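Engineer: Once you've had a glance at the structure underneath, I'll fire off some questions.
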Ligand SMILES: Cc1cc2nc3c(=O)[nH]c(=O)nc-3n(C[C@H](O)[C@H](O)[C@H](O)COP(=O)(O)OP(=O)(O)OC[C@H]3O[C@@H](n4cnc5c(N)ncnc54)[C@H](O)[C@@H]3O)c2cc1C
């Protein structure tokens, strides 16, 4: 049975500031994908929770959106409601920092350095939000958010407000109970991290060095989604793609970066199907050459069928 009943559509259309057929491409770092059937941008946790509860009760499908830096949105867009979380508050209390889900990780890295806290410099490499980072244990340069996470406030539609300890979130390399386990569909409201006291100026120097290293080795300034594939145990997806001779391979306007094999770049006008074909080609060719089956890190959302 479809969720698209008259009363559900009336409920969606009655949500304050809701927009219909709202383009999503410009809200993703890939710059690809069709519209959201219904779209809301919200910052207040209670208001977001009320909408999610309403959607759950009515079986209206919804997608939470952060900065859109790990998503491939289908060309036909996303069914139901897309709710973009834009909360940005933060609070420093000694060595703890509590950050709202919509705050960018890069911004949080600078906030920590300004407060003379160390241990979060790596987050300068993650362009997504705190909510998106918890969702799949984002990390780089060998560090991951779970290493500094103290607790996460959240909301489980149908289950109410929650405070999760990191162990309850089943965080692991680009996975969690939110992405693949019993907490699918739950909202991250805020995350509290614990860092170490240190020299903030040194932290800023480290971040500047990491950023310039990245700019040289990855196509950061292009339209992309970061790493397309997870690194298989003991190896690197970029190395495997390169070894398969696929750097520079293309489908339409989507091309595997000649700079880094684990990046697909939208040269302008690439479709989600172009990217998907390229992903499928990489998986097949890497498997043929090495026997390793690469798993996408990018999440494909929306109407693919
Ligand atoms: C140039 C570039 C470099 C990158 N480098 C890295 C890197 O070094 N390491 C790394 O880990 N990632 C990296 N990424 C990927 C990306 O930044 C991370 O995966 C990030 O955590 C995604 O956050 P987001 O806010 O963009 O989430 P989105 O892409 O908007 O969403 C991703 C998923 O998170 C969910 N989500 C978002 N907010 C919430 C919330 N509040 N509650 C519950 N679920 C939520 C969404 O529903 C969706 O399923 C990179 C991306 C780019 C473009």
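Values in this text are rule-based calculations from the coordinates and carry no lab data. Because the structure is a prediction, the values reported are computed rather than measured. Note: ideal-geometry Cβ built from the backbone for every residue, glycine included; neighbour counts use all protein chains shown.
Engineer: Arrange the peptides 6-13, 187-194, 203-210 so that the one whose residues have, on average, the most other Cβ atoms within 10 Å appears first.
Structural biologist: Ranking the peptides 6-13, 187-194, 203-210 by packing returns 187-194, 203-210, 6-13.
Engineer: How big is the Kirkwood radius of segment 185-257, worked out from every pair of different alpha carbons and given in Å to one decimal?
Structural biologist: About 16.1 Å for segment 185-257.
Engineer: Give, in whole angstrom and from largest to smallest, the semi-axes √(5λ) of the equivalent ellipsoid of segment 134-254, with λ running over the eigenvalues of the Cα gyration tensor.
Structural biologist: After diagonalising the Cα gyration tensor, the semi-axes are 30, 22, 13 Å.
Engineer: Only helical DSSP H runs with n ≥ 4 go in: add -39500 (n - 2.57) per run for the chain, normalise by residue count and round the 222 nm mean residue ellipticity to 500 deg cm²/dmol.
Structural biologist: Taken over the chain, the calculation gives -8500 deg cm²/dmol.
Engineer: Semi-axes, largest first, in whole Å: what does sqrt of 5 times each Cα gyration tensor eigenvalue give for segment 264-305?
Structural biologist: 21, 13, 9
Engineer: Starting from 0.36 nm per residue, how many nanometres of slack lie between residue 304 and residue 253 once their C-alpha separation is accounted for?
Structural biologist: Extra length from residue 304 to residue 253 when fully extended: 16.5 nm.
Engineer: Can you give me the convex hull volume of the Cα atoms of segment 6-85, divided per residue and expressed in Å³?
Structural biologist: 84
Engineer: Here is a further query. So if we plug the beta-carbon distance of residue 89 and residue 141 into 1/(1 + (r/R0)^6) with R0 = 25 Å, what FRET efficiency do we get, rounded to 0.05?
Structural biologist: 0.40
Engineer: Rg and Dmax of segment 58-119, Cα atoms, in Å?
Structural biologist: 15.9, 47
Engineer: Any idea how far the Cα center of segment 1-64 sits from the one of segment 153-194, in Å?
Structural biologist: Result: 21 Å between the Cα centres.
Engineer: Could you check what % of the DSSP bridge pairs in the chain are antiparallel, to the nearest 5?
Structural biologist: 75
Engineer: Given a cut-off of 14 Å, what percent of all Cα-Cα pairs of segment 244-286 lie beyond it?
Structural biologist: Roughly 36 percent, rounded to a whole number.
Engineer: Sticking with this structure for a sec: Once the Cβ-Cβ distance between residue 9 and residue 212 is put in as r, and R0 is 45 Å, what FRET efficiency do you end up with, to the nearest 0.05?
Structural biologist: The computed FRET efficiency comes out at 0.35.
Engineer: Which peptide among 226-238, 123-135 comes first, and what is the full order, when sorted by highest mean count of other Cβ atoms within 10 Å?
Structural biologist: Put in order of decreasing packing, that is 123-135, 226-238.
Engineer: What is the projected area of the convex hull of the Cα atoms of segment 88-133, averaged over all directions, in nm²?
Structural biologist: Result: 2.7 nm².
Engineer: Same structure again: Using only the C-alpha atoms of the chain, find the volume of their convex hull and express it per residue in Å³.
Structural biologist: Taking only Cα atoms, the chain has a hull volume of 133 Å³ per residue.
Engineer: I've got another one for you. Please give the peptides 285-295, 211-221 ranked by average Cβ packing (other Cβ atoms within 10 Å per residue), highest first, as a rough proxy for protection.
Structural biologist: 285-295, 211-221
Engineer: Shifting gears a bit: Which number do you get for Rg(Cα) / (2.2 N^0.38 Å) in segment 217-305?
Structural biologist: Cα-based Rg divided by the globular estimate yields 1.00.
Engineer: Compute log10 of I(q)/I(0) for segment 81-178 with the Debye formula, placing one identical point scatterer on every Cα and leaving out solvent, at q = 0.11, 0.16, 0.18 Å⁻¹, to two decimals.
Structural biologist: Those come out to -0.31, -0.66, -0.84, one per q.
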